[in-house]
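Please read the structure below before turning to the comments.
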Amino acid sequence: MTDIKTPEQATSLDDIRVAIDDIDHRIIEALALRMRYVERASYFKASEADIPAPERVAVMLPERRHWADDAGIDGDFVIELYERIIPWYIARQIDYWRKQRGLA
């Protein structure tokens, strides 16, 4: 395994690319773990109508913007990202919910 250098330690474009690839790999693993939690949440949803939970999304988005601001990245970008991934996760949860109940 290659040593991952901090941005300040990087001395070449290869160092940067190795680090970015590592970060992207961890992001994808985190998205997959998030999916496992989304699927598990379906066990606690009494009906398919409970899955979208717009009140939860309404709380989540400002919180994610705050986290982005704290991390020093563009909050608008983070909101746009979540506005794209949340519907995708909801659709996957609906599919999973139906399969678990023999409806799909």
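At 37 °C and 0.692 mPa s, grab the translational diffusion coefficient of the chain from Stokes-Einstein with a Kirkwood Rh over Cα pairs, rounded to a whole number in µm² per second. Present the calculation step by step, with values, prior to reporting the outcome.
On the way: Rh = 16.2 Å.
Translational D for this selection: 203 µm²/s.
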Quiz item: So for K99, K45, fewest C-beta neighbours within 10 Å to most, what's the order?
Solution: K99, K45
Quiz item: Tell me, how many Å apart are the Cα centres for segment 28-104 and for segment 1-27?
Solution: 29 Å
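Throughout, read-outs are computed from the coordinates displayed, never taken from laboratory work. Please read all numbers here as calculations on a predicted model, not as lab measurements. FYI the Cβ positions are ideal-geometry reconstructions off the backbone, even for glycines, and counts take in every protein chain you see.
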